[in-house]
Amino acid sequence: MNLFFVFLGIAAWQDLRTRRISLDVLMGGAAAGIITCVWKARFPGEIILAMIPGIGLLIVSILTGGLLGEGDGLFLIVSGFFLEWQECVLLLITGQIFCGIFGLAMMVGAQIGTGGGSVWKQRLPFLPFLLPAALWLTLIRVV
């Protein structure tokens, strides 16, 4: 899980700064994930199953013309090397909840603070919201 947090931290920082995740970061994460899979002796079927949430997100990104970032889907595909399928689904759902709460707070703040500033066209980077989601998943795994 430590390598996953390094991968997530680097990708989230890059997504926050540039709204992109470089192919180098994804490839480095994939390499670390493959090593993790070999180390844990995971079966290919369970790895592919864990990649399905990312594949679904990537398909949605393509179908919506990029409303969701392709990098987010690719990140979740690579996460399948590190996490079980249930953890990938929980990570995606929990990240969406955190992102939704933040987006709602931005909308309310814009309405209250500046007298109705437009937040509709702003784009939020998604991966930074996976950091608290991953921490939460780690905490419930320990308990």
Selection over the stretch 25-77 where residues are closer than 19 Å to residue 95 by Cα and among the β-branched types (Val, Ile, Thr) yields a count of 5
Determine whether the stretch 104-116 contains at least one residue that is surrounded by 18 or more Cβ atoms within 10 Å (Cβ to Cβ) and of a type outside the set (S, T, N, Q).
no
Residue set 90, 3, 74, 23; condition within 16 Å of residue 125 (Cα to Cα) and out of contact with any Lys or Arg (no Cβ under 7 Å at 6 or more places or on another chain); output residue 74
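Readers should treat all values here as calculations from the given coordinates under stated rules, not as data from a laboratory. What you see is a predicted model, and the numbers here were worked out from it, not measured in a lab. Note: ideal-geometry Cβ built from the backbone for every residue, glycine included; neighbour counts use all protein chains shown.
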